[in-house]
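See below for the structure under consideration.
The values are calculated or read from the model by the stated rules, or taken from the named source; none is laboratory data. A quick note: this is a predicted structure, and the numbers were derived from the prediction, not measured. For neighbour counting, all protein chains shown are included, and Cβ atoms are generated from backbone atoms with ideal geometry for every residue, glycine included.
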Amino acid sequence: MKIGIIGSGNVGSALGKIWASNGNEIMFSSRHPENLKGLAESIGKNACYGLPAEAAKYSEVLVLSVPWTQAIDALKSAGSINGKVLIDCTNPLKPDMSGLALGHTTSAAEEVAKAAPGAKVVKAFNTTFVALMRSPSRTFGSQKAPASTVETTALQRPSFQGS
Ligand SMILES: NC(=O)c1ccc[n+]([C@@H]2O[C@H](COP(=O)([O-])OP(=O)(O)OC[C@H]3O[C@@H](n4cnc5c(N)ncnc54)[C@H](OP(=O)(O)O)[C@@H]3O)[C@@H](O)[C@H]2O)c1
């Protein structure tokens, strides 16, 4: 499966490494893609890098793993993701991490879905600390689940439809 990562920091790089090791093709993206050369090269043939719009065009599934304050801007820069699965890993935290920037009447996934017309938005991995994603002894990702398992899991979860 081709997976595009919007936000290749802690979470995006950790998830991308796991999925690449399971045979998926990953495009990491950044506003400064040249900074991702080392990451992609450390993974090898299953990884490449580019701008968010290039990752969106390349992928069947997209991952949104940017700070909440940047989430809508990052989606806008990705362009159309109509018809794709968008895995939203964000936590809607205030910039100083003092609390939630929204909640009770809406949620990050609902706001992401509004900004991603036609996408199937799935909330996932936002409660998994990155240290666990990176851990070699992790239960998360250690079973070498085939790409189809990831896809099926994402598609079976309740989701928000971008409109
Ligand atoms: N850290 C954790 O343990 C953890 C666990 C679960 C969920 N989360 C959530 O996952 C999200 C990412 O956390 P993180 O720790 O991975 O953050 P991070 O290490 O700061 O990485 C965020 C990445 O987003 C990119 N970015 C920022 N603004 C962007 C924009 N406008 N367009 C495109 N890319 C943009 C940045 O790349 P460039 O500056 O190069 O563009 C950066 O590499 C947050 O919402 C967080 O709450 C974090």
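A few comments on the model shown:
Okay, residues lined up against (1) near the ligand (Cβ under 9 Å from one of its atoms); (2) surrounded by 14 or more Cβ atoms within 10 Å (Cβ to Cβ); (3) without any contact (Cβ under 8 Å) to a residue 24 or more places away in the chain:
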position: ALA14; (1), (2), (3): yes, yes, no
position: HIS32; (1), (2), (3): yes, no, yes
position: LYS37; (1), (2), (3): no, no, yes
position: GLY50; (1), (2), (3): no, yes, yes
position: ASN82; (1), (2), (3): no, no, no
position: PRO92; (1), (2), (3): yes, yes, no
position: ASP96; (1), (2), (3): no, no, yes
position: THR105; (1), (2), (3): no, no, yes
position: ALA109; (1), (2), (3): no, yes, no
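- Within the span defined as the range 37-44, one or more residues are assigned to a loop (DSSP other than H, G, I, E, B) and modelled with pLDDT of 95 or more.
- Any hit, the range 58-72, residues being out of contact with any Gly (no Cβ under 8 Å at 6 or more places or on another chain), assigned to a helix (DSSP H, G or I) and under 17 Å from GLY4 (Cα atoms): yes
- Residue selection: ASP73 fails the criterion of being under 21 Å from MET27 (Cβ atoms), within 14 Å of the chain's Cα centre (by Cα) and of a type in the set (D, E, K, R).
- Answer residue from the range 68-80, given it is free of Cβ contacts under 8 Å to residues at least 40 places away in the same chain and of a type outside the set (D, E, K, R) and is nearest to THR127 (Cα to Cα) among those: THR69
- When ASN46 is tested against the conditions (1) among the polar types (S, T, N, Q); (2) away from the ligand (no atom under 12 Å from the Cβ); (3) in contact with a Phe, Trp or Tyr (Cβ under 8 Å, 6 or more places away or on another chain), the lone failure is (3).
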